[in-house]
Amino acid sequence: MKGVAEKPIHKYVGLGLILIGIVLIVLAAYIAYQSFYSYRLPWFYTQASNIEAAIISLVNTLVELAARLGFLGLMVWAGSILLRYGVQSLRLEQAHRQE
């Protein structure tokens with residue numbers, strides 16, 4: 001019977017973390033791609049009656065874009081952290097195997 005230290009748990013945890021990290025990064029890239037190609041110019045270029053309406057519309061658009069970029073940045077950041085720990089876990093399992 002194998003002991004706790006002899007089980008290849010680091011291998012499975014590492015592979016799971018790597019898989020989740022890759023999925024997060026690919027999903028963020030897909031969302032960014034879809035947002036880029038489905039973006040429409042705001043209405044303030046053609047329908048703004050005065051400068052205040054144009055500025056308000058521009059600020060709203062910039063806040064929306066900043067929120068989207070922040071969300072995508074968090075997804076990529078989390079994915080890269082999961083990838084790092086997944087690779088680290090696989091290396092730890094490989095070091096245990098070589099001993």
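The values are calculated or read from the model by the stated rules, or taken from the named source; none is laboratory data. The structure presented is a predicted model; accordingly, all values stated were derived computationally and were not measured. We place every Cβ from the backbone using ideal geometry, glycine too, and count neighbours over all the protein chains shown.
Summary table below
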item	result
Residue in segment 45-54 that is among the aromatic types (Phe, Trp, Tyr), surrounded by 14 or more Cβ atoms within 10 Å (Cβ to Cβ), over 30 Å from residue 19 (Cβ atoms) and at pLDDT below 90 present	no
Residue 70 being at pLDDT 90 or above, farther than 18 Å from residue 14 by Cα and in a helix (DSSP H, G or I)	yes
Qualifying residue in segment 10-26 (condition: outside any helix (DSSP H, G or I), at pLDDT below 95 and of a type outside the set (Gly, Ala, Ser))	no
